[in-house]
Each structure stands twice: as C-alpha cells, then as structure tokens.
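Engineer: This structure is in structure tokens; I'll ask about it shortly.
Quick note: the coordinates plus some simple rules give every number you see, no bench work behind them. None of the values given here were measured: they were computed from a predicted structure. In this analysis, Cβ positions are derived from the backbone assuming ideal geometry, glycine residues included, and neighbour counts consider all displayed protein chains.
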Amino acid sequence: MERRRNLLVGIVVGIVVVGVVAYVTGLSKLLFSRFGSSAEYQISESATAPELFTGSWINSEPLTLKGLRGRVVLIEFWTFGCYNCRNTLPFVKSWHERYREKGLIVIGVHSPEFDEERIAENLRREVASLGIRYPVLTDNDFQTWKAYGVQAWPTMFLIDKEGRIRWKHVGEGAYDETERRIQKLLAEE
C-alpha cells in the first residue's frame, strides 16, 4: 500500500515539475501555438499588412491590398492537401457568402506543402471541386507566407479597412470568435 502511495505522489510531483518547467521556459507557449492560437492587434500596434506577392490568381483578376482599402480582408494561408485546412474550409466559404456584400473579401493564399500541390492545374481542379468561389493566389515560392511570418496551415489574418492587420488565428477552431471579429471590423467606420 505504501509503495502505491509513493508511486502516486511521485507521478503527481513529476507532472507538476514538468508543467512548471514548460511554463518557465516558454515551451508551453510553443506547444499550444502548434494546436491553435489567436491574437488580436490593437489599432495602435497593428502594422500595415504586407502586400500580396505575385502569383497566379484563380477566380479573380490580380488583387492588391492597397486596391482593397475600404474593405475588410480575410487572408487564409492554406494548401489543398492539408486535413486541417479542409476542416476550416466550410467556415471560410460561409463567411465569404454571408459577408461579401457587406464589404468582406476573402483571399486564399495557397502555399503548397507537397510537389503535386505546386501544379497550377491541380490547384484549379481542387478549387473547383471544393466549391471555392473567392479569389485564390498561388504562393509556390512562399514569398507571401514569409512576408506574413506564417508557420503553419491554416493561418488566417483579418485586415481592417485601413489595411492594418487586426486579427490572426493559427490552426483550426475559434470560428465564432473569428466571425465576431469580421462583424466588428465591418461595422467600423
């Protein structure tokens, strides 16, 4: 009986020590950021969003963020082979349909993970089969990805009417929160 109690105490102490070390070293932040994180940017601290780099456009003529001033822009970095990206897709498509007439423009930046995702015809076929009707920009050389400091698929950015980044979410989830942010930015003067 004493041995079981000591084993249980040892396990609990071990878990606490690992938790404290992870917190102190910042490891917990790194681990949780891999599973989804969100960040709000205040107007005073939000930087002007980097311009979109050149690539092929699907469902649109070439767009620039400067040309989209006055509209709220949702940029989603994705790739068609990503399971997590496919899970977010219904929400992104829904926001496009619900809010495009109110001033939201959704742009999918396709940054490929695998070689077959780099082929434009494969991407066009997937965009059509997935029912994506919003603009999609190819980012085969990851220039736009790097400009935004993206590290994982999917990553979403909300850009206000002045061209400033105001919201970022990495991974799946936070759909209700993201939609509230879209509504808030659309309501801003």
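Engineer: Note down the nm distance, to one decimal, between modelled labels 7 Å out along Cα→Cβ at Tyr83 and at Glu40.
Structural biologist: So the label points at Tyr83 and Glu40 sit 3.3 nm apart.
Engineer: Still on this structure: Which percent, nearest 5, of DSSP beta bridges in region 38-187 are antiparallel?
Structural biologist: Looking only at bridges with both residues in region 38-187, the antiparallel portion is about 60 percent.
Engineer: For a footprinting-style exposure proxy, rank His169, His96 by other Cβ within 10 Å, fewest first.
Structural biologist: If I rank by nearby Cβ atoms, fewest first, I get His96, His169.
Engineer: Using a 10 Å cut-off around each Cβ, can you sort Ser37, Ser60 from fewest to most neighbouring Cβ atoms? List each step's numbers first, then the result.
Structural biologist: Numbers: Ser37 16, Ser60 13.
Ordered by Cβ neighbours within 10 Å, fewest first: Ser60, Ser37.
Engineer: Of the chymotrypsin sites (Phe, Trp or Tyr not before Pro) in region 46-87, which ones lie in a loop per DSSP and count no more than 16 other C-beta atoms within 10 Å?
Structural biologist: Loop-located and lightly packed - Phe53.
Engineer: Oh, and also: Taking a threshold of 20 Å on the Cα-Cα distance, which of the pairs Lys102/Lys184; Lys146/Lys184; Lys102/Lys146; Lys66/Lys93 fall above it? Spell out each step's value before the answer.
Structural biologist: On the way: Lys102/Lys184 12 Å; Lys146/Lys184 28 Å; Lys102/Lys146 30 Å; Lys66/Lys93 23 Å.
Listed pairs above 20 Å: Lys146/Lys184; Lys102/Lys146; Lys66/Lys93.
Engineer: Given the Cα atoms of region 85-189, and with Rh set as the inverse mean 1/r over their pairs in the Kirkwood sense, what is Rg to Rh to two decimals?
Structural biologist: 0.95
Engineer: Loop-only chymotrypsin sites (Phe, Trp or Tyr not before Pro) in region 105-189, please: DSSP not H, G, I, E or B, and at most 15 other Cβ atoms within 10 Å.
Structural biologist: Of the chymotrypsin sites (Phe, Trp or Tyr not before Pro), the ones in loops of region 105-189 whose Cβ has at most 15 other Cβ atoms within 10 Å are Phe114, Phe142.
Engineer: Cα centroids of region 46-70 and region 74-153: how far apart, whole angstrom?
Structural biologist: Answer, in whole Å: 13.
Engineer: Can you put Arg86, Arg3, Arg164 in order of Cβ neighbours within 10 angstrom, beginning with the fewest? Intermediate results must be reported in sequence, preceding the final value.
Structural biologist: On the way: Arg86 15, Arg3 7, Arg164 18.
By the 10 Å Cβ count, ascending, the order reads Arg3, Arg86, Arg164.
Engineer: Sticking with the crude label model, points 7 Å out along Cα→Cβ, report the distance from Gln143 to Ala47 in nm, one decimal please.
Structural biologist: A separation of 1.8 nm, rounded to one decimal place.
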